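Colleague: Dropping a structure here in structure tokens format, bear with me for questions.
The values are calculated or read from the model by the stated rules, or taken from the named source; none is laboratory data. Since the model is a prediction, treat every value here as computed from it, not as a measurement. Here the Cβ positions follow ideal geometry from the backbone for every residue, glycine too, while neighbour counts run over all protein chains shown. For the accessible areas, the whole protein counts, side chains as well, though only heavy atoms, and no ligand, DNA or RNA atoms are used. Shrake-Rupley method; radii C 1.70, N 1.55, O 1.52, S 1.80 Å.
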Amino acid sequence: MKVDLKDGVCRSCGGELEITDVDDATMGVECQDCGDAYDVEPDAFGDGCMTYYVEFLANHESEEE
Ligand SMILES: [Zn+2]
């Protein structure tokens, strides 16, 4: 799941991030430009967790069924 550039960018190069993993307390993101991967807070993108965190969880659940 890609992160909109207006919401957040790679801390290393400013590139586009993709959310690769989510758990109770963190989201794992990976840069599409430099490949840097690290964890951020669920509300790191200023959306109150509702856009990326919740949607990723919803999509992940449906994929597992
Ligand atoms: Zn990067």
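Colleague: Hey, what number do you get for the chain at 222 nm if only DSSP H runs of n ≥ 4 count, each worth -39500 (n - 2.57), divided across all residues, to the nearest 500?
Modeller: -6500 deg cm²/dmol, from helical runs alone.
Colleague: Let me ask another. Kindly provide the trypsin sites (Lys or Arg not before Pro) of the chain that DSSP labels as loop, not H, G, I, E or B, and whose Cβ sees at most 10 other Cβ atoms within 10 Å.
Modeller: In loop regions of the chain (DSSP not H, G, I, E or B), the sparsely surrounded trypsin sites (Lys or Arg not before Pro) are 6.
Colleague: Counting heavy atoms of the protein chains only and a 1.4 Å probe, report the per residue accessible area for the chain as a whole number of Å².
Modeller: 63 Å²
Colleague: How large is the dipole of segment 13-65 about the Cα centre if only Lys and Arg carry +1 and Asp and Glu carry -1, each at its Cβ, rounded to the nearest 20 debye?
Modeller: 200 debye
Colleague: Then there's this: Report, in degrees rounded to the nearest 10, the 0 to 90 angle that the Cα long axis of helix 52-64 makes with the longest principal axis of the chain.
Modeller: So the inclination is approximately 50 degrees.
Colleague: Which number do you get for Rg(Cα) / (2.2 N^0.38 Å) in the chain?
Modeller: 1.05
Colleague: Let me ask you something else. Contact order normalised by length for the chain, with contacts defined as Cα pairs under 8 Å and 6 or more residues apart; what percent is it?
Modeller: About 23 percent, as a whole number.
Colleague: With a 1.4 Å probe and every protein chain kept in, tell me what percent of the accessible surface of the chain is carbon plus sulfur.
Modeller: 43 percent
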